[in-house]
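Since the structure comes first, as C-alpha cells, the remarks are kept for the end.
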There are 2 protein chains.
Amino acid sequence: MAYELYYWPTIPGRGEFVRQALEDAGVDYVDIAREKGAGQGVKGMMAAMSGAEATHPSFAPPFLRDGDVTIGQTANILLYLGGRLGLAPQEEAARLWTHQIQLTIADCVAEAHDTHHPIAVDLYYEDQKPEAARRAKSFREDRIPKFLDWFETILARNPDGDAHLVGATASYVDLSAHLLVSGLDYAFPNAMARHLPARKRLVRLAQAVAERPRFAAYLSSRRRLPFNEQGIFRRYRELDAARP
Amino acid sequence: MAYELYYWPTIPGRGEFVRQALEDAGVDYVDIAREKGAGQGVKGMMAAMSGAEATHPSFAPPFLRDGDVTIGQTANILLYLGGRLGLAPQEEAARLWTHQIQLTIADCVAEAHDTHHPIAVDLYYEDQKPEAARRAKSFREDRIPKFLDWFETILARNPDGDAHLVGATASYVDLSAHLLVSGLDYAFPNAMARHLPARKRLVRLAQAVAERPRFAAYLSSRRRLPFNEQGIFRRYRELDAARP
C-alpha cells in the first residue's frame, strides 16, 4: 500500500523533507492534500488530522499514514521512514545520531521561519515587519554561520569520510541538508553568498544530493513545489541585506 | 556505569526533562556541569560537546553519555532512555507516538523561550522588551490554549484511559507534560489561571506525576534547580497580563 503524506498543498514547507525522501527512494506515495478525491484535499487532511476518530492527532501537518500507523512531526516521520527507505543506518546509536542531525535541521528551519514571523504565526508578515528586520539580521549574521559551521564540522569528523553526514552512504539527513541549504539560499541569497563558499564540504554534499538520479528527476518535475512567500523560506529583499 | 548528563548548571532548562526522567526512574547519573572534578563543570561540558575528539558533537546542551554512546537533542535523549528507564512503551508505533508528543512539547518550550527572546538569543531580554511584549501576548492568548487543548484531546482519546498520555502506565511524556505545565505556570501565572482549570485531564495528570514517590522526593531535594530568570520559563510581570 502506498504511503500517504498529509501536508499543505501549495508550499514545500516542512512536508518537503518527507516528500524528498519518498521521491529519492522511488516508493509509491499519495500527496493527499494535492489530490481531489474523497477524503483528499485540504479538507481531507484536516479531517484525518483532527477528526474525532484520530487517536494520534498531530498538532500540525505534516503527518504520514502507513496502513494503520499515523506519525506526525517531520523528524519523527523520517525516523520511521529512514530504515524502510534504505536512507538510514540500522544500528541504534547511528540511527539516533542521524535523528539528532534532523532535529538540529528542524531547529534551524524553525528559526528561519521566525525571521518573517518573530511575533506571531497568526499575524501576517506585514504586521511584524520591523521585528522581522531585527530578527533576520541576527539569523543572517549569527545563526546561519553557526549552523553551517556545525554541519561542516560533523562532515569533517565523520569517520567514514566527509561525503555524507552519517556513514559511508546517503541518508535522509543528506537530503534534508540539501533542502536546508536550498531554502536558506532562496531566502537569503546575499547572506548565503557570503557564508556558504567557505563551508566546502557542505557545498559538495548539497551538489552531490542534487545529482542523485531520482532526486534530480524530482527536482525538475511538476511534483516539486517551488519556494514561495507563503512558505517557511521566503525571499523578502528587506530581510537579506547586501552587506553584513 | 552511571549515565552522564551534560547541561547548564544553574537553570532547569531543557536538561530538566532528562533529569526528571532519570530521577523518576531512580537510576544513577552524574550531572556533569554541576560537579567540580576533572572533566566536569561547564568547562568539562564544553570540552565534551565540541572538543576535537567528539565525532557526534551536539549543537547545544543537553546531551547524554552512556558508555561510548553520546546523544544530543532533548527529545532524542528521552527516546533513547525511555525503554531503558521503563518509561516508554516497547512497540514501535507507540514508541513513535510517545516521541511525537515529546517533540510537540519541545515546540511549545521553544515558543515559551521566544516570548522573552523574540529577536535574538544572543541579546538580553532588556534589548528586546517591546517585541517580547507583543510575542508574549500571542503566546499567552492563542498558543497556550491551543497546546493545552491538544494535550487534553490526546488524553481524552487515549484508548487505555485518560490517566496517561500514552498507554495505561506512566511514560516520560507524562513527566514532561508536568514540567511544561509547571514552567508555564511559573512564567504566566495569570494566563494559566485562566486557561488551565478547564483542561481537567491535564491538571489531574500533572498532579498525579507530582505525587509519584521518587518524583516528589526529587522535587523537594536540593538537586532540583528552581525556575529562574536565566532559564526558558521566566516570570516577567509585564509579559503576563492580569487580563486577556
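The values are calculated or read from the model by the stated rules, or taken from the named source; none is laboratory data. Computed from a prediction, not measured in an experiment: that's the story for all the values here. We place every Cβ from the backbone using ideal geometry, glycine too, and count neighbours over all the protein chains shown. In case anyone asks, the SASA skips ligands and DNA or RNA and just uses the protein heavy atoms, side chains included. Shrake-Rupley method; radii C 1.70, N 1.55, O 1.52, S 1.80 Å.
For a quick check of your reading of the filter: which trypsin sites (Lys or Arg not before Pro) in the range A:160-244 sit in a DSSP loop and have no more than 12 other Cβ atoms within 10 Å? Please list the in-between numbers first.
Working: sites: A:R194, A:R199, A:K200, A:R201, A:R204, A:R214, A:R222, A:R223, A:R224, A:R234, A:R235, A:R237; in loops: A:R199, A:R222, A:R223, A:R224, A:R234, A:R235.
Answer by residue number: A:R222, A:R223.
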Counting only heavy atoms of protein chains, what accessible area per residue, in Å², does the range A:3-84 have with a probe of 1.4 Å? 37 Å²
What is the set of long-range amide H partners of B:V30 at a cut-off below 5 Å, with H atoms built 1.01 Å from backbone N? B:Y3, B:E4, B:L5
So how far, in whole Å, is the C-alpha centre of the range B:121-192 from the one of the range B:45-90? 24 Å
Would you be so kind as to list the residues of the range A:54-77 that have their accessible area lowered by at least 40 Å² in the full protein complex compared with their chain by itself (1.4 Å probe)? A:T55, A:H56, A:P57, A:F59, A:Q73, A:N76
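I'd like the trypsin sites (Lys or Arg not before Pro) in the range B:33-63 restricted to DSSP loop residues with at most 10 other Cβ atoms within 10 Å, sorted by number. Show your work: numbers first, answer last.
On the way: sites: B:R34, B:K36, B:K43; in loops: B:K36.
Qualifying residues, ordered by number: B:K36.
Which loop-located GluC sites (Glu not before Pro) does the range B:82-172 contain, where loop means any DSSP state but H, G, I, E or B and the Cβ has at most 11 other Cβ atoms within 10 Å? Can you show the working numbers first?
On the way: sites: B:E91, B:E92, B:E111, B:E126, B:E131, B:E141, B:E152; in loops: B:E91.
Of the GluC sites (Glu not before Pro), the ones in loops of the range B:82-172 whose Cβ has at most 11 other Cβ atoms within 10 Å are B:E91.
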Computed for B with A: buried accessible area summed over both chains, 1.4 Å probe, rounded to 100 Å², at 4300 Å²
Long pairs among A:K137/A:K200; A:K137/B:K137; A:K36/A:K129; A:K129/B:K43, criterion Cα-Cα beyond 31 Å: A:K36/A:K129; A:K129/B:K43
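Out of the DSSP beta bridges found with both residues in the range A:3-84, what percent are antiparallel (nearest 5)?
Details: 7 of 10 bridges.
If I count the DSSP bridges inside the range A:3-84, around 70 percent turn out antiparallel.
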Can you list, shortest first and in nm, the gaps between the label point of B:S50 and those of its counterparts in the other copies, using a point 7 Å from Cα in the C-beta direction? 3.9
Go ahead and estimate [θ] at 222 nm for the protein assembly as shown from helices alone: -39,500 (n - 2.57) per DSSP H run with n ≥ 4, summed, over the residue count, rounded to 500. -15500 deg cm²/dmol
Connecting every pair of Cα atoms under 10 Å apart in chain B and solving the GNM, the largest mean-square fluctuation among B:S220, B:S58, B:S171 falls on B:S220
Interface residues in the range A:90-106 - accessible area drops by 10 Å² or more relative to the isolated chain, probe 1.4 Å: A:E92, A:A93, A:L96, A:W97, A:H99, A:Q100, A:L103, A:T104
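Could you please state how large a percent of the accessible area of the range B:3-84 is carbon and sulfur, counting protein chains only and using a 1.4 Å probe?
Carbon and sulfur atoms account for 50 percent of the accessible area of the range B:3-84.
Counting pairs of alpha carbon atoms under 8 Å apart in space and at least six apart in sequence, what relative contact order in percent does chain A give? Display every interim value, and only then the final one.
On the way: 342 pairs, mean separation 51.3, N = 244.
Across chain A, relative contact order equals 21 percent.
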DSSP beta bridges in the protein assembly as shown, what fraction antiparallel, as a percent rounded to 5? 70 percent
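Kirkwood hydrodynamic radius, computed over distinct alpha-carbon pairs, for the range B:3-84: how many Å, to one decimal? Kindly include the intermediate steps, with their values, before the conclusion.
Working: mean 1/r = 0.0796 Å⁻¹.
Answer for the range B:3-84: a Kirkwood hydrodynamic radius of 12.6 Å.
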